[in-house]
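Peer 1: My questions all concern the structure below.
The values are calculated or read from the model by the stated rules, or taken from the named source; none is laboratory data. The structure presented is a predicted model; accordingly, all values stated were derived computationally and were not measured. Heads up, the Cβs are rebuilt from the backbone with ideal geometry, glycines too, and the neighbour counts pull from every protein chain shown. Surface areas here come from the heavy atoms of the whole protein model, side chains and all, with no ligands, DNA or RNA. Shrake-Rupley method; radii C 1.70, N 1.55, O 1.52, S 1.80 Å.
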Amino acid sequence: KRKLCRRSKIINCNFGMLSLDFTSNKLIDWVEKPSLCIEIKGKQGWFPDHLKKYKKCFYCMNQYLKLKKGSISSVSGYCPLDLFSGEFSRMYLALSKLFESPQNNLKISSSGSKIYDENGNISGVCISLMDYFCHCGIDVNNPVEILSKVIIKSLLWNKNKDALIDNQEAANLENCTDRSHCDERSSHLPHGCVLKNILQIQCHRINYMLVNQ
């Protein structure tokens, strides 16, 4: 159900999709362990040419507009170009920034109950995630790091070849420290992975709109 504060948003779309409730494990009767549902609104994963002179993508520029209007208290360090880059260190950075400032772009539910969103705090979600991993028989010290690795692997996975990120260090962010501009560089996204499909849909929609103007 859409929040009252977001019902004034203009949705420029001619179709929608009605889905089942994937936040709960009731869809699979034989699953006894708690389920974990991650909702990420990655936003625009490519850099429009007309914005490159400003060195900021649409999402990052819009953050300053939201700050000026008072709808947010601080600018998020998240950049969609990092998430869609296909590079582990940048994707991990993007997720860490989403955890720091989820706004309306990150929500986490456990067995149908929301445990983290823009109104939550990082300490609370860490406790909830540790409880979840404990129920699954997994002992972790940094649940956000473990979950971030799982998310990255899921976003890059395709049926032909698994995403090879297991040996990469989550703290290896030395190449991602310059936040003065958005980085349009990207690695090759595996064909058929979630990010690749989303990016193709975004680009297809823009091309469709330009052709039909």
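Peer 1: Would you check the accessible area of Asp49, probe 1.4 Å, heavy atoms only, in square angstrom rounded to 10?
Peer 2: About 120 Å², ignoring ligands and nucleic acids.
Peer 1: A further question follows. Give me the accessible area of Ile40, 1.4 Å probe, in Å² rounded to the nearest 10.
Peer 2: Only protein atoms counted, so the area is about 50 Å².
Peer 1: Which pairs, out of Lys56/Lys196; Lys43/Lys107; Lys9/Lys41; Lys9/Lys43; Lys43/Lys66, put more than 18 Å between their alpha-carbon atoms?
Peer 2: Among Lys56/Lys196; Lys43/Lys107; Lys9/Lys41; Lys9/Lys43; Lys43/Lys66, the Cα-Cα distance tops 18 Å for Lys56/Lys196.
Peer 1: With a point put 7 Å past each Cα toward its Cβ, work out how far Phe15 is from Asp131 in nm, to one decimal.
Peer 2: 4.1
Peer 1: Kindly report the accessible area of the range 41-142 per residue (heavy atoms of protein chains, probe 1.4 Å, no ligands, DNA or RNA), in Å².
Peer 2: Accessible surface, normalised per residue, equals 50 Å².
Peer 1: For the range 1-141, with the dipole built from +1 on Lys and Arg beta-carbon atoms and -1 on Asp and Glu ones, taken about the Cα centre, which of Ile127, Gly77, Ile108 lies farthest toward the positive end?
Peer 2: Ranked along the dipole, the leading option is Gly77.
Peer 1: Sticking with this one: Would you check the accessible area of Met130, probe 1.4 Å, heavy atoms only, in square angstrom rounded to 10?
Peer 2: Using a 1.4 Å probe on the heavy atoms, I get roughly 80 Å².
Peer 1: Want the number for Lys55 to Ile138: 0.36 nm per residue separation, take away the alpha-carbon distance, what's left?
Peer 2: 25.7 nm
Peer 1: Whenever you get a sec, compute what percent of the accessible area on the range 75-144 sits on carbon and sulfur atoms (1.4 Å probe).
Peer 2: 46
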